[in-house]
Amino acid sequence: MQEIIGTSNRILEIDLSKKSFSEYMVKSEELQLYLGGKGLGLKLLYDRMKPGIDPLGDQNMIAIMTGVFIGTGAPCSGRFAAVTKSPLTGIMTSCSCGGPFGMALKTSGWDGIILKGKSAKPVYLYVDSKGVEFRDAKKLWGLDTQKAQEKISSEGTGILAIGPAGENLVRFANVASGHRFLGRAGMGAVMGSKNLKAVVARGNEYKIVPVDKKKFDKTKAKATKFINRNDVSSGSYRNYGTNANVNLNNAGGILPVRNFTGGTHGDAHRISGETMAEKFKTTYSTCKPCTILCGHKGNIGGKIRQIPEYETIGLMGSNLEIFDPVKISDWNEICSLMGMDTITAGGTLAWAMEASEKGLFKSNLRFGSSEEVSETLMDIACVKGIGKDLAMGSRFCSKKFGGEDFAIQVKGLEMAAYDPRGSFGQGLSYAVANRGACHLASSAFALEVYFNLINPYGYNSKASLIKYQEDIMSAINSLQTCVFTAFPYELETPLMKIMPKFVLRICMNLMAGIALRLVDISLWPEFWSSITGRKLGMTAFLRAGERVQVLERLMNTREGISRKDDTLPPRLLTEFRKCDDRELAIPLETMLDRYYFIRGFDKNGVPKKSILKKLKIA
Amino acid sequence: MQIPEYFEFFNKTKLCSGKMALENISFDLKSMDSVKPLVVTDNRSVKSGYVKILKKSFYDSGMVIGAIYDRVNDYPSTATVREIAELYRIRGCDSIISLGGNSPAAVAKGLNILVSNRSDNLMDFTDMSRSASLRPFLSVLTSAAAGTETSSEAVIDARSYRSFDLMPDIVYIDARLAKKGNTNQIVNAGLMSLAQSIEACNFKESNPVNDSFAYASISALYSNIAAVVKKSGASKDMPAFINGLAISGIVRSNAAAGLAGAIGLETEKLTGFSAGIVAGIVLPRLLEYKLQKVKTGVRPELLLPIAGIDTYCSTDENRRASLSVELIYELLGKLKDNVPDNIKMMPIPEYMIERIASGAEARGGKNYPKGTTLKVLEMAYHGKKSSEVK
Amino acid sequence: MEAKNFPEIKPEGKMIKKIYVTIMLWIVGRAIQAASRVDKDVKKEFASLRDDFMLHMHVLPAGPGMIVGKDSAGKVKYMGWNPKGKKITLDMQVKNIEGAFLMFTFQESTCVASCHNRLAVLGEVPDTCTVVRILNIVETYLLPKVITSLAVKRYPKWSEMNPLRKYLGRILIYIRTFTF
Amino acid sequence: MSDINITLKLYSGIEKELNIHDYNPESGIIVTIKKGAFLRKILRNAGFKKFSNYVFFCGGQHVSVWKRFKESAEVSCLRISGGG
């Protein structure tokens, strides 16, 4: 088997209209500046796409990038990224997925694919080291994600497929690879609009070997040690998956209940990871390769299924006041078969329920009742009945039927399952996150509520915290490894180990900007440089993350995003929950001003010339 | 002066504007046999101290304010209305005062419907003919006014409730409540109302009374908006400006929906950019386009409120209409810090234009030939004048 | 929503203004009575009024007030503040204490006040005009020219030609006003 | 000298570590202790050996082991997790 030393740097540009493809060699400085993965994908689209195009038109493109880590056997490196313009939000979206497709694409000798144009009739692509074959997808069209994958599983080792939802242009349709998904903001709808049902990659043609093997092995050993030592990664995640958060959020008062009108619920433990682990006898079912092992599957109602992730539980469980794990996993199954994002689906359902209770929207959906939920989900996937409207997401619905005050979305993307009224930093994070109310842009709640390193109800040093986290998350997504590695890689470093907690707390509350710079994040850059053979320091690594973040913001501002969009739903800003005894309102404006300032944006939230120059963007 | 063979004009709103205007509230309430008002307002008015001033004006009036509900947020929703209705009943109030901009006024109107009909479901009254006669409703305008307060329409949760009964009985405009406001908001409100008024007096079915109201509001808005924005609300110009807004509200409830306004509202709905600014950009192009199509598309009298009597008289009969259009362009030039030259600069993605056009056509395009909306919108999008594109 | 978050607002007093207006009204009342004895114009004006004339000038809703009227003998008298049991023929109401304060601190003259719609009158308009005229004369007597010129529409001619009458009258009126 | 009842809710398998077999997540375990006791004392009574790997919440707020309890309350004890 041939070897690829480091990265192949070959990007496959596929034009579906002309049924042709070409090869693009990534320039070395592009790789150096944008690291690969999400960052490189954004850069490539930034060069190719002009602003103001229709997300579902043929001018929109999808970039699927494998990144540097995958295939080398680095811990938790089985992930790849995809970037496109979202039909749900009308701005850029970037997703990360742990399915087998990434590995297959990488080992077919490609670092990424860019999909352009629009096929006349349904097709699916076969990718190998030589290039692409356009195959007729008549036999696949209409099949759900899993069946479609089974049908063509013999043709390659990694598959990317959309379900009926994607074909019907449901605005929050997602793309499946194995049982993992390119989740949010309608990647699947874009593929569907291109009449592209699936992409198969042959894989197993190349072997990826790092440039500096010795250094790589050293780093890998260290990383593995950290991961196995850390409470978060080797404790809760490994035993209970991400659902371990249910109890934690319930105790901390940031669990969404009844469309974000409550922060805690007595029955929450019934849908928690612990309960499920006991009830369903869970075993691992994760991305490959993975060291953390947060994904689980279990025996639910006699069938072996994926255990729903926390966001699914939060949005389709407690947020709809439903505390039956079996029901939730049924809906999770429907969503994953039809190919829909569970977070947006849950948020939209919650809106529909409240709107129906208030009489704004005609349906039989009610909080706490599981009737018609499955049917509604199917309607959404098939875009019929009330599904016609709900398939457009809660922003569209609230504009059409009223009830914008309880449509819990930012920039059109429904909010993840952490209530910012218990964690103000998360409020800022949601408001400024590039793709909408997203919890993966920066997770302030972890430091505020779980680790209690920053006062959740203050606004001191929140802006710098969010900036740092956004930068590092973008950087990690550009290396393409798992964001959960952040906990072990940062918290298990000697400095953090020996530092007493109260000292950390004081530092974080008073001067987070400086304190965070002292955190040792050398593992990621070391991996990257050992694989590619280029130099990369911690500062350069963070700077790269910032570059990606600002580039995405720049692309969004070209679509009309500005301060007016960096806000939170009225409910979160004006209403209080029973558990907020102090009735503090989120000081969003204050934090925004500060954030824009340290980001180098102007008052209106648009990146200044100076910062673009400094970061070598355009 | 043209008079259509049939027309109606209705206005029940009394304007009470000037020094110590607020002090009259208690007297007027008494004369309407009401003793316990409920004040509906938002957080902004509390912050800028308007609520305190209103409270002071009730001192020594022997009148108890039932409650001051100050949690109305920028989006008027049925839930809020229902909540206030409950409060209203608990306190046994018998009249409503709205203090602030569009949102409190809309909520107050909704509240008025609910409490007057002893109902709990606002949806039943989308057809207002079912509603019983309403309670006294006073509206106090501040620098956050949008001009919709005096109109006969209330938009709550994306539903529009339309009836002349919804117009406030009395509107108070007090210099003390006309402090420095949010500039963008002022520009937005000003341009929107200006567009509404100008279009209102350019329709065939427009009637002389409404015209005279429209002229009043146009002159008040046109002559003051620039100054108000520059000084962002010096106490001299602001009351006049707010008067202009208030009158335009009355005008728009007596006229058909204008196209520029409709385009603005549709844009706001689809993209979230403020309606007024878009309407402002569209307005002159629309008028110019009308002029090109029909010589009498824009009436020459329009120049009178805009430019004043001297210019009006010294201008040739045939140039008056076109001059007034130029003057509107000029105004936009004056406001260029807040109003971009074209819609593209805002920026709004190009693929939205057609959606906006189709939406706006349905809203307020019935007075125009088909396709006008799209043409005008494209001009506005690329910032071209109608005279440039042939 | 808890109702307790939105408390009722009970009206509070504006004591100082009230007291000030009360005093002014008392003085004016007494002064009218005095002037009606001293000044011939005022005499004439009152003569033109009906016999049971009774003026009640007060601030709404429950503010201070004064009553001036003709008694059975046709003499003009200041009759305190309480309208109880008196037959009011002319009821001049100032809509609110603020308005009254403006008037009696001479920031607004009577005419301006009435055009700003601060006064409501129950009774005959001619009487009201008479009363306003009387008030003007009285103010001319009571106050130095500087202030009076603010308070009245146009400063009476006769005071220039005949200072003797003015100053004599002023002294007499002051004496009569503040002695019982 | 009055006693108060602190309800301890144990999650993420802590009950197994304390080998409480018939643990009921609805009710939790109740520790009766005298007024003004530190959380660490309460936990020691409940059988905790060390506290460093756990987080404790009371009324939606993070509480340290040095918090004094004046009246009856409910404390949730969890292992830390990262988010999803």
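Here are a few things to note about the model shown:
- Within region A:262-284, the only residue that satisfies the criterion of being more than 14 Å from chain D (Cβ to nearest Cβ) and crowded, with 19+ Cβ neighbours inside 10 Å is A:Phe280.
- Candidate set: region A:50-79, residues that are without any contact (Cβ under 8 Å) to a residue 60 or more places away in the chain and not charged (D, E, K, R); chosen: the one surrounded by the most Cβ atoms within 10 Å (Cβ to Cβ): A:Ala63
- Restricting region A:224-259 to residues that are over 30 Å from D:Gly60 (Cβ atoms) and either surrounded by fewer than 24 Cβ atoms within 10 Å (Cβ to Cβ) or among the charged types (D, E, K, R) (or both) leaves a set whose member that is nearest to the other protein chains (Cβ to nearest Cβ) is A:Arg229.
- From the options A:Lys50, A:Lys19, A:Lys85, residue that is within 14 Å of chain B (Cβ to nearest Cβ), among the charged types (D, E, K, R) and in contact with a strand residue (DSSP E or B) (Cβ under 7 Å, 6 or more places away or on another chain): A:Lys85
- The residue that is most open to solvent (accessible area, probe 1.4 Å), counting only those in region B:17-34 that are at the interface with chain C (Cβ under 9 Å from one of its Cβ atoms) and part of a loop (DSSP other than H, G, I, E, B), is B:Lys19.
- Scan of region B:256-270 for residues that are crowded, with 21+ Cβ neighbours inside 10 Å, in a helix (DSSP H, G or I) and out of contact with any Lys or Arg (no Cβ under 7 Å at 6 or more places or on another chain), ordered by number: B:Leu259, B:Ala260, B:Gly261, B:Ile263, B:Gly264, B:Thr267
- Residue within region B:69-76 that is under 20 Å from the mean Cα position of the chain (by Cα), open to solvent by 10 Å² or more (accessible area, probe 1.4 Å) and touching a residue at least 60 places away in the same chain (Cβ under 8 Å) present: yes
- When residues of region B:135-162 are limited to those that are part of a loop (DSSP other than H, G, I, E, B) and polar (S, T, N, Q), the one most open to solvent (accessible area, probe 1.4 Å): B:Thr148
- Residue count, region A:1-31 (criterion: open to solvent by 60 Å² or more (accessible area, probe 1.4 Å) and touching a residue at least 12 places away in the same chain (Cβ under 8 Å)): 10
- Here the strands (runs of 3 or more DSSP E) wholly within region D:10-84 that include at least 1 residues being touching a Lys or Arg at 6+ places or on another chain (Cβ under 8 Å), of a type in the set (Gly, Ala, Ser) and modelled with pLDDT of 90 or more are D:73-79.
- Hits in region B:348-367 - residues which are under 24 Å from A:Pro87 (Cβ atoms), within 21 Å of the chain's Cα centre (by Cα) and open to solvent by 50 Å² or more (accessible area, probe 1.4 Å): B:Ala362
- Only listed residue being hydrophobic (A, V, I, L, M, F, W, C) and in contact with an Asp or Glu (Cβ under 6 Å, 6 or more places away or on another chain), chosen from B:Val228, B:Val209: B:Val228
- For region C:14-31, the set of residues classified as open to solvent by 40 Å² or more (accessible area, probe 1.4 Å) and more than 14 Å from C:Lys77 (Cα to Cα) consists of C:Met15, C:Ile16, C:Lys17, C:Lys18, C:Ile19, C:Tyr20, C:Thr22, C:Ile23, listed by residue number.
- Yes/no for B:Val339 being in the same structural domain as B:Lys370 (by TED's automatic domain parsing), of a type in the set (Val, Ile, Thr) and surrounded by fewer than 18 Cβ atoms within 10 Å (Cβ to Cβ): no
- Index of the failed condition, B:Asp316 passing every other in (1) farther than 30 Å from A:Arg563 by Cα; (2) touching a residue at least 40 places away in the same chain (Cβ under 8 Å); (3) loosely packed, with under 14 Cβ neighbours inside 10 Å: (2)
- Failed item, numbered, when A:Gly302 is tested on (1) farther than 25 Å from A:Ala81 by Cα; (2) open to solvent by 10 Å² or more (accessible area, probe 1.4 Å); (3) at pLDDT 90 or above; (4) more than 12 Å from chain D (Cβ to nearest Cβ): (3)
- In a residue-by-residue description of region B:91-110, the property of being of a type in the set (A, V, I, L, M, F, W, C), at the interface with chain C (Cβ under 9 Å from one of its Cβ atoms), part of a strand (DSSP E or B) and more than 16 Å from B:Thr148 (Cβ to Cβ) applies to no position.
- Some residue of region D:64-79 being touching a residue at least 24 places away in the same chain (Cβ under 8 Å), within 26 Å of A:Asp581 (Cα to Cα), surrounded by fewer than 17 Cβ atoms within 10 Å (Cβ to Cβ) and at the interface with chain A (Cβ under 9 Å from one of its Cβ atoms): yes
- Restricting attention to region B:281-315, the residues that are in contact with a helix residue (DSSP H, G or I) (Cβ under 9 Å, 6 or more places away or on another chain) and outside any helix (DSSP H, G or I) add up to 7.
- Of everything listed in (1) more than 21 Å from C:Phe178 (Cα to Cα); (2) open to solvent by less than 80 Å² (accessible area, probe 1.4 Å); (3) out of contact with any Ser or Thr (no Cβ under 9 Å at 6 or more places or on another chain); (4) at pLDDT 85 or above, the single unmet condition for C:Ile67 is (1).
- Top-ranked residue in region A:441-465 [being within 10 Å of chain D (Cβ to nearest Cβ), part of a loop (DSSP other than H, G, I, E, B) and buried (at least 24 other Cβ atoms within 10 Å of the Cβ); ranked as farthest from the chain's Cα centre (by Cα)]: A:Pro456
- Identity of the residue in region C:1-59, part of a strand (DSSP E or B) and under 19 Å from C:Gln93 (Cα atoms), that ends up farthest from the other protein chains (Cβ to nearest Cβ): C:Met54
- Boolean, A:Lys501 is farther than 25 Å from A:Thr291 by Cβ, within 14 Å of chain D (Cβ to nearest Cβ) and either open to solvent by 30 Å² or more (accessible area, probe 1.4 Å) or without any contact (Cβ under 8 Å) to a residue 24 or more places away in the chain (or both): yes
Residue-by-condition table, conditions (1) within 14 Å of chain B (Cβ to nearest Cβ); (2) assigned to a loop (DSSP other than H, G, I, E, B):
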site	(1), (2)
C:Val68	no, no
C:Trp81	no, yes
C:Gly85	no, yes
C:Glu98	yes, no
C:Glu108	yes, yes
C:Ala113	yes, no
C:Leu135	no, no
C:Leu168	no, no
C:Ile173	no, no
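- Residue, nearest to the other protein chains (Cβ to nearest Cβ), within region A:530-582, restricted to residues that are in a helix (DSSP H, G or I) and hydroxyl-bearing (Ser, Thr, Tyr): A:Thr574
- Only one entry in B:Ser248, B:Ser197 is in contact (Cβ under 8 Å) with a residue 60 or more places away in the chain and either of a type outside the set (S, T, N, Q) or in a helix (DSSP H, G or I) (or both), namely B:Ser248.
The values are calculated or read from the model by the stated rules, or taken from the named source; none is laboratory data. Just so we're clear, the structure is a prediction, and the values are computed from it rather than from any experiment. All Cβ positions, glycine included, derive from the backbone under ideal geometry; neighbour counts span all protein chains shown. For the accessible areas, the whole protein counts, side chains as well, though only heavy atoms, and no ligand, DNA or RNA atoms are used. Shrake-Rupley method; radii C 1.70, N 1.55, O 1.52, S 1.80 Å.
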